[in-house]
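The values are calculated or read from the model by the stated rules, or taken from the named source; none is laboratory data. All figures in this text were calculated on a predicted structure; none of them were measured in a lab. Please note: Cβ atoms are built from the backbone with ideal geometry, for glycine as well, and neighbour counts cover all protein chains shown.
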Amino acid sequence: MHAESLEFRGIEKFFGRTRALDPIALQLAAGEFVTLLGPSGSGKTTLLNIAAGFLKPDGGSLHIGTQDVTALPARKRNIGMVFQNYALFPHMNVFENIAYGLRVRGVASTDIEARVRRALDGVRLGEYAERAIRQLSGGQQQRVALARALVIEPPVLLMDEPLGALDRQLRKQVQLEIRRLHREFGRTTLFVTHDQEEALAMSDRIAVMRGGRIEQIGRPNDLYQRPANVFVASFLGESNILNGTVQSLEGGVATVRIDGLACEVRGEAVAGVVPGQPAGALIRPEAIAISVAGEGLRAQLIEVVPLGEIVAMRLQLETGQEFWVRRFSGTQVPDAGHEVRLSWRTEDVRILPMQT
Ligand SMILES: Nc1ncnc2c1ncn2[C@@H]1O[C@H](COP(=O)(O)OP(=O)(O)O)[C@@H](O)[C@H]1O
Ligand SMILES: [Mg+2]
């Protein structure tokens with residue numbers, strides 16, 4: 001088992017005069033699985049391509065273990081890369097696709113045979129060595145691409161939306177496969193997705209990106225529980241956010257006067273919340289109590305959506321804003337069309353700045 005740390009020190013990138021990456025500081029410990037999560041155009045692929053050596057940064061340096069690799073060409077970096085579109089060689093069979101990286105590195109053919117077999121077993125394709133690529137399903141092709149990246153035993157593995165082309169069920173399977181391979185081989189992994197569920201399920205840490213910047217980095221649960229700002233909250237998990245102005249801040253608890261509603265919401269303030277400034281009150285769908293009578297924020301229950309293990313309820317506030325509440329299936333919920341009241345506990349609410 002061999003893994004190395006990966007560090008971006010002030011890496012920045014321009015395309016012409018457009019800044020694609022602000023100076024990025026990011027450090028992955030040896031063996032860590034970090035996910036870059038962000039909307040299209042936020043700079044994820046650019047950062048990965050710089051790590052792989054396919055793109056030159058305009059500033060900063062890149063380090064693998066104790067080595068500064070900024071000036072090293074891609075083929076000398078010993079990094080495994082998996083792309084969304086597999087990028088397999090269609091005219092070679094499975095075995096030859098995986099063997100390719102070893103052949104160009106001049107590995108002896110007896111070693112190649114053993115290593116390819118081991119990589120194939122690793123992704124559970126032991127029976128498929130002689131198959132043509134076009135005879136494989138999408139999920140199998142992506143596992144070949146994984147085996148091809150793993151066979152060179154790189155200390156660092158980069159994956160750019162490797163599951164993006166798979167349907168939901170296959171996605172889940174290959175997600176598990178990637179997690180298992182990571183546990184088994186412990187490679188330092190930088191994984192890219194724009195799918196928040198995937199990021200939450202797979203990562204030791206998640207870096208949320210926007211506009212070439214890392215907005216927040218942390219463990220999945222910490223990001224979910226304490227997002228740094230409204231953008232991170234809305235990108236990670238289902239969010240209900242009430243916008244308003246901070247009235248007061250005392251002992252870590254802020255009170256926000258909500259725009260368009262004659263109400264105030266109290267909650268735990270995260271860093272950057274300032275009295276007099278705009279803020280968002282984040283209330284997760286699972287933290288909201290719903291009742292047909294009593295106190296609370298008035299809302300109309302528009303529809304009840306069964307989602308398997310949970311039911312989602314879509315509501316509309318008096319301002320027209322949409323709200324979501326979630327319950328385990330089997331819990332008693334009101335029927336659609338009812339006017340209801342929503343309530344929550346102050347400790348479940350986070351008051352977030354609009355920007356960090
Ligand atoms: N080769 C390129 N030439 C010009 N602009 C580019 C190029 N590659 C990426 N960009 C721009 O850089 C920004 C980041 O792109 P990218 O890293 O591909 O984002 P993501 O992978 O998060 O969708 C975008 O604004 C994109 O349009
Ligand atoms: Mg991309």
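Annotations
- Being in contact with a strand residue (DSSP E or B) (Cβ under 8 Å, 6 or more places away or on another chain), in the same structural domain as Glu177 (by TED's automatic domain parsing) and away from ligand 1 (no atom under 16 Å from the Cβ) holds for only one residue in Ile98, Ile64, Ile50, Ile24, and it is Ile64.
- Filter result for Gly38 (closer than 23 Å to Ala233 by Cβ, in the same structural domain as Thr70 (by TED's automatic domain parsing) and near ligand 1 (Cβ under 10 Å from one of its atoms)): yes
- Single residue of Gln300, Gln321 found to be in contact with a Leu (Cβ under 9 Å, 6 or more places away or on another chain) and surrounded by fewer than 17 Cβ atoms within 10 Å (Cβ to Cβ): Gln300
- Filtered residues of the range 4-43 (kept if away from ligand 2 (no atom under 16 Å from the Cβ) and assigned to a loop (DSSP other than H, G, I, E, B)): Glu4, Ser5, Gly16, Arg17, Ala29, Ala30, Gly31, Glu32
Yes/no matrix, rows are residues, columns are (1) more than 16 Å from ligand 1 (Cβ to nearest atom); (2) under 12 Å from the mean Cα position of the chain (by Cα); (3) touching a residue at least 40 places away in the same chain (Cβ under 8 Å):
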{"site": "Asp160", "(1), (2), (3)": "no, yes, yes"}
{"site": "Val174", "(1), (2), (3)": "yes, no, no"}
{"site": "Ile178", "(1), (2), (3)": "yes, no, no"}
{"site": "Gly186", "(1), (2), (3)": "yes, no, yes"}
{"site": "Ser203", "(1), (2), (3)": "yes, yes, yes"}
{"site": "Asp222", "(1), (2), (3)": "yes, no, no"}
{"site": "Arg226", "(1), (2), (3)": "yes, no, yes"}
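- Restricting the first member to the range 16-43 and to residues that are over 19 Å from His194 (Cα atoms) and among the charged types (D, E, K, R), and the second to residues that are within 16 Å of ligand 2 (Cβ to nearest atom) and in a strand (DSSP E or B), the beta-carbon pairs closer than 8 Å and six or more apart or on different chains are Arg19/Lys13; Asp22/Arg213.
- Complete set of residues in the range 221-235 that are in a helix (DSSP H, G or I), aliphatic (A, V, I, L, M) and within 20 Å of Ala25 (Cα to Cα): Leu223, Val232
- Val246 being touching an Asp or Glu at 6+ places or on another chain (Cβ under 6 Å), on the phi < 0 side of the Ramachandran plot and either in contact (Cβ under 8 Å) with a residue 24 or more places away in the chain or buried (at least 19 other Cβ atoms within 10 Å of the Cβ) (or both): no
- The condition of being surrounded by 20 or more Cβ atoms within 10 Å (Cβ to Cβ), touching a Lys or Arg at 6+ places or on another chain (Cβ under 6 Å) and part of a strand (DSSP E or B) holds for Leu282.
- Screening the range 84-158 for helices (runs of 4 or more DSSP H) wholly inside it with 3 or more residues that are without any contact (Cβ under 8 Å) to a residue 40 or more places away in the chain and buried (at least 21 other Cβ atoms within 10 Å of the Cβ) returns the ranges 109-122.
- Residue in the range 55-73 that is farthest from ligand 2 (Cβ to nearest atom), counting only those that are surrounded by fewer than 14 Cβ atoms within 10 Å (Cβ to Cβ) and in a loop (DSSP other than H, G, I, E, B): Thr66
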